[in-house]
Structures are given as structure tokens and as C-alpha cells.
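The values are calculated or read from the model by the stated rules, or taken from the named source; none is laboratory data. Since the model is a prediction, treat every value here as computed from it, not as a measurement. Cβ placement follows ideal geometry from the backbone for every residue including glycine, while neighbour counts extend to all protein chains displayed. For the accessible areas, the whole protein counts, side chains as well, though only heavy atoms, and no ligand, DNA or RNA atoms are used. Shrake-Rupley method; radii C 1.70, N 1.55, O 1.52, S 1.80 Å.
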Amino acid sequence: MSVAPSPVLEKKDSVSPPGPTEGPGPLAALVRNPKAIALLVAVLVAVVSAAVTANGVWPSDLTFDVRSPLDDVNTWMAQNRDTHPIFLYFLLHISNTSESAVDGVLSGLESLGFIGVTVAAVLISWYAGGAKLRRRSLTLAGIAFGTFAVIGVLDVWEEAMETLALMVVCVAVAGLVGVLLGLAAGLSDRAERILRPVFDTMQVLPAFSYLLPFVLMFDVGTPAVFMATVIYSAPPMARLTSLGLRGADAAALEASQSLGASAWQRLWTARLPLARKPMLLGLNQTIMMCLSMVVLATVVGAGGLGDPIFTAISTLDVGLAAPAGIAIVLIAIWLDRTTAAFGERVDDSAPERSAFVTRILWAVMAAVIAGAAVLGQALGRTEWPENWVVDISQPINEAFGWIERELGSGVPVLGGTLTWASGFTRWVINPLFDALLATPWWAVLLLAGVLAYLAGRWRAAVTAVLALGAIGAMGLWNNSMDTLSQVIAALVVTLLLGFAIGVFAARVDWVDRMIRPVLDTMQTLPAFIYLIPMVGLFGSGPAAGAVAAVIFALPAVIRITSQGVRQIDPSALEAARSLGASTGQQLWQVQLPLARPALLVALNQGVVLVLSMVVIGGIIGGGALGVDVIRGLTKGDLGLGLTSGIAIVCLGLLLDRISQPGKDVKERALR
């Protein structure tokens with residue numbers, strides 16, 4: 001039996017033996033690489049034109065008034081919202097149904113009281129863990145109890161119930177929509193070809209961009225939040241349902257067909273059961289995205305836990321935001337652990353209990369929950385008692401006040417957090433912004449087109465240039481360059497830290513074990529939460545938003561980098577060691593080149609996440625497009641908000657096309 005040669009062993013020059021080696025010099029290697037020449041020429045054109053002209057103003061004769069028509073549309077919708085047939089016979093039904101559903105769920109939670117809700121959460125988590133007196137079941141039950149107890153103690157019970165009621169409705173509808181789209185994409189190649197680019201595009205759009213069109217249609221309030229949340233969170237469910245259906249064991253499907261099962265029987269008895277684990281993972285992702293959007297949508301009247309956070313961040317009052325922020329963190333951890341436990345049980349080798357026993361168990365749980373609710377009513381304890389509340393706002397404000405006084409500035413050698421923020425803005429973000437504004441618009445378009453062509457060829461280049469051109473045509477060039485400079489600054493820091501920590505974790509097992517639970521927790525938190533400590537540590541300004549973006553994007557970059565480096569062919573690494581390669585040579589000449597596809601994915605994810613967070617950072621002084629969107633949403637100036645939202649979408653497409661390798665580039669990287 002012959003053994004296939006490893007990919008590195010075929011590349012005889014991939015690991016340099018010790019001693020001097022002969023090869024083309026840097027200049028000769030550059031001349032032989034037309035892509036490098038194209039990039040070098042584009043960079044030189046941008047630098048030289050910026051030095052000569054120092055004028056990057058978008059020409060006024062290439063600007064079109066987009067805001068006035070949008071204002072007219074907004075005015076028309078406001079005047080006809082109660083009379084036009086489109087609203088009366090279509091949108092109004094959606095609006096009324098969503099409001100009624102959320103109000104109904106909220107009434108149900110309020111009737112259960114805090115005792116009934118807590119008991120229900122504990123029992124559901126206990127069931128998700130296996131419904132046994134074992135460690136996993138009891139741990140999940142303990143997490144649920146601790147979550148709701150802390151919510152009550154922090155005096156945010158009412159806000160938490162509003163958030164949960166909205167989430168229940170949004171998750172139910174988003175899950176249903178996701179399953180239906182996933183069935184279409186999983187069973188039909190044509191549907192999959194149509195839906196895949198739609199999902200790809202939706203994945204790169206910042207969350208704010210989903211709110212604007214629905215505020216235009218429904219005005220601020222629950223219906224707009226409901227629609228935006230459903231559209232935002234349905235794609236993961238659809239993608240993973242499709243993936244599960246297409247990845248079903250072919251032998252099982254063949255066996256089902258050989259027994260004479262019809263297409264529907266094969267779907268219900270083979271495909272869907274085999275796809276349960278990916279579908280549960282999709283449900284987990286949908287729930288977490290719903291939570292993130294519901295919290296963020298407080299700027300358009302979602303209410304709930306996002307309300308005090310938005311108010312506190314706007315007034316730089318960290319203590320006011322802390323109770324709601326802690327509650328959201330705990331809810332995110334509880335939901336993530338509980339839904340993940342449901343998915344893990346799919347792989348359990350232990351036999352499941354019978355359907356009859358399961359029904360009995362659910363009946364007992366329902367009876368216990370009902371009994372808890374009745375007990376609460378009988379004791380007059382439907383609302384969390386006021387004498388069980390602890391105020392943590394004042395101590396937290398005092399703690400951050402001490403940090404600002406003692407660690408903000410004047411720390412010997414180190415400087416301080418406010419000094420760092422000021423320095424990062426002064427020496428990194430502002431020079432980047434000035435450089436972008438000094439570069440002629442056509443040179444920026446040329447550079448963006450070349451970068452996108454190198455990443456994904458002509459289609460990506462055309463998309464990137466058109467996206468950037470649309471930004472200029474809307475008259476938002478300067479604000480977009482401001483946002484872009486913050487994204488570039490935060491992205492560079494994210495990639496440097498993410499690649500370094502990811503490679504370190506891949507090579508040292510104890511580091512990987514130590515940071516894994518931290519990354520798991522960080523990836524479950526809504527983006528809004530990251531702003532709270534940043535305001536306390538770095539004050540308001542673009543630096544605080546950039547640091548929040550770095551922390552928000554780091555977990556994904558670290559995890560993808562670590563997995564990519566770990567999953568390279570072990571025989572390639574062993575071959576390098578046998579040839580006497582040093583640790584550095586193994587890393588730079590074997591591990592990183594073979595992990596290039598994963599590193600490109602990490603780069604793309606980092607770009608998308610950083611842009612999303614920088615836009616939200618407009619709330620804490622980041623300015624630029626983010627603050628225009630918020631101003632448009634909160635002040636009713638939808639013309640301003642929509643044009644800024646379109647510019648954010650264009651920036652997202654531009655950055656995605658530059659950082660996402662095309663199909664042929666991916667295939668070449670895998671060779």
C-alpha cells in the first residue's frame with residue numbers, strides 16, 4: 001500500500017535547509033509577480049497624488065441629492081400610514097399581529113410572576129441538560145436560577161421581561177422562516193444558488209442597516225424591531241438547516257429509498273432527523289442574534305434592557321448601564337448554554353427515554369410551573385420585592401471615577417487609559433483620516449478596485465468600485481472616510497493581536513484551554529454591551545469605539561486562526577522537523593502558509609465585525625456615519641439616517657469584497 005506524499009514534501013524549497021540559499025532577489029521576485037506590481041502601482045499612484053494634490057474632496061458635480069427623495073418618501077408614508085391600502089391591508093396586519101403577540105407573551109410572563117418565571121427557566125434548563133440529577137443538568141439549572149435571581153436583585157426584572165417577551169416572538173418567527181428557507185435551499189439546487197448570495201450579503205451588513213427600512217415602513221416601535229430582528233436573525237437557521245439536509249448520510253437516505261419511502265417520508269424520517277444537530281446549532285445562533293438586535297433596537301423604541309443602557313451611554317453614566325448590562329450578559333450565557341445543551345444531547349449515546357415518559361415529564365414540569373405561579377399569586381408576590389433589591393450604580397460609578405482619577409492619566413511610564421485613548425486618536429486614527437481625505441477620490445477608487453481584484457477578481461473589483469462610488473455620489477465621502485479610518489485602525493490592532501494569540505494558542509495547549517471559555521463567553525455577548533466598560537475606561541471618542549471593536553472582533557479572529565493552524569497536515573510539520581527546521585521556520589514556512597485559507601476567513605470576519613462595532617461606537621463619540629444613523633433614527637430625520645445607512649452598507653460590501661477571496665483564489669490557496 002503506497003502512502004500519498006505530503007504537500008510540503010512535494011515543495012522541495014518550502015523549508016529552507018540551514019545555511020545560505022540561492023534564489024531570486026526581492027526585486028526579481030517582484031518583477032515576476034504581476035499582482036504585486038499592480039498593487040505597488042496603485043499604492044504609488046495614491047501616495048504621489050495625495051502628496052501633490054492633498055485634496056480628496058468628492059466633486060460636487062458628481063453628487064446627487066438622495067436625501068430629498070427619501071425625505072419625501074418618509075413624509076408620504078407618515079401621511080398615508082393610516083389610510084393607504086398597502087398599510088391597511090398588509091403592513092397594518094403585520095404591525096398589529098406582532099404587537100399583539102409581544103403583548104400576549106409579556107402578559108403571560110407577568111401572570112407567572114417572578115416565582116413562576118424563575119421555576120420555568122430552571123426546569124427548562126434542567127431538561128436541556130438531560131433531566132437527571134447529574135452535574136450537567138444541575139449546572140444548567142443553577143445558571144438559570146442565578147440569572148433570574150440576579151436580574152431581580154439588580155432591579156431590572158420588568159425590563160428583562162419586556163426583552164424576553166420580544167425575543168420569544170422574534171425567535172419563533174425567525175426560526176420558522178429560517179427552517180422554510182433552509183428546506184428550500186437544502187432540497188433545491190436552484191433555490192440554493194439564489195439564496196446563497198443573499199445570505200452572504202446579509203452576513204456582512206451591520207445590524208443598524210436592518211432597522212432603517214422597517215422604521216420607514218412601520219415608524220418606531222415594536223413592529224419595526226420585530227421585522228428587523230426576524231430578517232437579521234433568520235439566515236443562520238436557514239444556512240445550517242440547508243447544510244444539515246445536504247450533509248445527511250447518503251447511506252441512510254439510500255436505505256430509506258430502497259425501502260420504498262416517498263420523498264416526503266424520506267424528508268420526515270431520514271433527512272430532518274439526521275439534520276437535527278446543525279438545526280439546533282442554527283437555532284442557537286438565531287437566538288443569540290435576536291438578543292443582540294433586540295438590545296440594539298432600543299434606539300427605535302424596543303424598550304426592555306436596552307433602554308437604560310442607551311440612556312446611560314448617551315450620558316456617560318456607567319453605573320446606570322451596569323445593572324441592565326449584567327442582566328443581558330447573564331441572559332446571553334443562560335440562553336447559549338441551554339440551547340447548546342439541547343444540541344449536545346443529539347450525540348449522546350445513552351438511550352433516550354420513551355415518548356410516553358417524556359410526555360409525563362413535560363406534564364409534571366407544566367404542573368410545577370403552574371403551581372409556582374399560583375403560589376406567587378396567593379402570596380401576593382408576582383413582582384420582585386423592592387426590599388430584595390441592591391443598588392450597584394453608585395459603587396460602580398465611584399469605582400470608575402477612581403479609575404479615571406488614578407489610572408486615567410499621569411501614571412508613571414504607562415500614562416493611563418485616557419492618555420492612551422487620546423494618543424491612539426491623535427497618532428493613529430486622525431493621521432489615517434487625514435491621509436484618506438488628502439488622497440484624490442479617483443486614486444482611492446483605483447486602490448480599492450485593485451485590492452478587490454486581487455482578492456476576488458473582476459466581479460469583486462466592480463462591486464467595490466461601485467460601492468465606493470455610490471458613497472461619493474450621495475455626498476457622504478468625508479463621513480465615510482472618517483468611519484473607514486476608524487475601521488482600518490481597529491482592524492490592524494485586531495489582526496495583530498488575533499493572529500498572535502491564535503497562533504500561540506494553537507502551539508501551546510494550556511493557553512488554548514485557558515482562553516477557550518473566555519472566548520465562548522465573549523462571543524455570546526451583544527455588541528452593545530462592549531460599549532459600557534469602554535466609556536468608563538477611555539471616555540467618549542473614536543478611540544473608545546475602536547477599542548470596543550477590537551475586543552468585539554478578537555474572539556472570532558483568535559478562534560479561526562487557532563483552528564486553522566491546528567488543523568494543518570501533521571505530516572507536513574513532521575517533515576519540516578525532520579529536515580531540521582527551527583521553530584520559527586516551522587511557523588513561517590509551514591504552519592502559516594498551510595493555514596492561509598483559515599487566516600483569510602479570520603481576516604474577513606474581523607473586517608465585518610470591526611465595521612459593525614465601529615458604527616455602533618458612534619453612540620459614544622465615534623461620530624461619522626454611526627452617529628448620523630442614530631440621529632436619523634432617534635430624531636425622525638430618516639433622510640439623513642437612510643443615506644448614512646446606505647453608505648454603511650456600501651462600506652460593508654467594499655470591505656467584504658476586499659477581504660473575501662474569490663473561488664479561484666481559495667482553490668489556489670488550498671493547493
Listed by first then second residue, the pairs whose first member lies in the stretch 37-58 and is closer than 21 Å to Leu451 by Cα, whose partner is part of a loop (DSSP other than H, G, I, E, B), with beta carbons under 6 Å and at least 6 positions apart or on separate chains, are Ala46/Thr439; Ser49/Pro440; Ala50/Thr439; Gly56/Thr439; Gly56/Pro440
Residues being more than 25 Å from Asp336 (Cβ to Cβ) and of a type in the set (D, E, K, R) - total across the stretch 515-573:
1
Which residue out of Ile648, Ile620 is under 15 Å from Thr483 (Cβ atoms) and at pLDDT below 80?
Ile620
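Condition check: more than 30 Å from Trp76 (Cβ to Cβ) and in a helix (DSSP H, G or I). Does Ala251 satisfy that?
Working: more than 30 Å from Trp76 (Cβ to Cβ): yes; in a helix (DSSP H, G or I): yes.
Taking the combined requirement at face value, the residue satisfies it.
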Which pairs turn up if I take residues in the stretch 564-576 that are farther than 20 Å from Asp512 by Cβ and part of a helix (DSSP H, G or I) and look for partners that are at pLDDT below 80 and open to solvent by 60 Å² or more (accessible area, probe 1.4 Å) with beta carbon separation below 7 Å, at least 6 apart in sequence or on another chain?
Ala575/Leu9
Which numbered condition Met77 misses (of (1) assigned to a loop (DSSP other than H, G, I, E, B); (2) surrounded by 12 or more Cβ atoms within 10 Å (Cβ to Cβ)):
(1)
Identify the residue in the stretch 360-379 that is open to solvent by 50 Å² or more (accessible area, probe 1.4 Å) and either modelled with pLDDT under 85 or assigned to a loop (DSSP other than H, G, I, E, B) (or both) and, among all such residues, is farthest from Val150 (Cα to Cα).
Ala378
Options Ala149, Ala141, Ala191, Ala185; residue that is open to solvent by less than 60 Å² (accessible area, probe 1.4 Å), touching a residue at least 40 places away in the same chain (Cβ under 8 Å) and out of contact with any strand residue (DSSP E or B) (no Cβ under 7 Å at 6 or more places or on another chain)
Ala185
Mind checking whether some residue in the stretch 227-245 is more than 21 Å from Leu195 (Cβ to Cβ) and open to solvent by 40 Å² or more (accessible area, probe 1.4 Å)?
no
Within the stretch 100-138, take every residue that is without any contact (Cβ under 8 Å) to a residue 24 or more places away in the chain and not in a helix (DSSP H, G or I) and give me the one that is least open to solvent (accessible area, probe 1.4 Å).
Lys132
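Quick check on Asp520: is it in a helix (DSSP H, G or I), open to solvent by 30 Å² or more (accessible area, probe 1.4 Å), more than 14 Å from Ser612 (Cβ to Cβ) and at pLDDT 85 or above?
On the way: in a helix (DSSP H, G or I): yes; open to solvent by 30 Å² or more (accessible area, probe 1.4 Å): yes; more than 14 Å from Ser612 (Cβ to Cβ): yes; at pLDDT 85 or above: no.
For Asp520, the condition - in a helix (DSSP H, G or I), open to solvent by 30 Å² or more (accessible area, probe 1.4 Å), more than 14 Å from Ser612 (Cβ to Cβ) and at pLDDT 85 or above - is not met.
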Looking at this structure, is Gly282 part of a helix (DSSP H, G or I) and either under 30 Å from Thr201 (Cβ atoms) or touching a residue at least 24 places away in the same chain (Cβ under 8 Å) (or both)?
yes
Does any residue of the stretch 278-293 turn out to be closer than 30 Å to Gln79 by Cβ and either buried (at least 18 other Cβ atoms within 10 Å of the Cβ) or among the hydroxyl-bearing types (Ser, Thr, Tyr) (or both)?
yes
In the set Ala341, Ala302, Ala324, Ala297, the lone residue that is over 18 Å from the mean Cα position of the chain (by Cα), buried (at least 23 other Cβ atoms within 10 Å of the Cβ) and assigned to a helix (DSSP H, G or I) is Ala324
Identify, from the list Val503, Val535, Val550, Val557, the residue that is part of a helix (DSSP H, G or I), open to solvent by less than 40 Å² (accessible area, probe 1.4 Å) and more than 29 Å from Ile309 (Cβ to Cβ).
Val503
Whether any residue in the stretch 194-213 is of a type in the set (Asp, Glu), part of a helix (DSSP H, G or I) and at negative phi is what I want to check.
yes
How many of the residues making up the stretch 586-639 are closer than 24 Å to Leu531 by Cα and either open to solvent by less than 10 Å² (accessible area, probe 1.4 Å) or part of a helix (DSSP H, G or I) (or both)?
32
For the condition farther than 30 Å from Thr147 by Cβ, touching a Leu at 6+ places or on another chain (Cβ under 6 Å) and assigned to a helix (DSSP H, G or I), what is the one hit in Ala46, Ala38?
Ala46
Can you give me the number of residues within the stretch 629-650 that are touching a helix residue (DSSP H, G or I) at 6+ places or on another chain (Cβ under 8 Å) and over 11 Å from Phe208 (Cα atoms)?
10
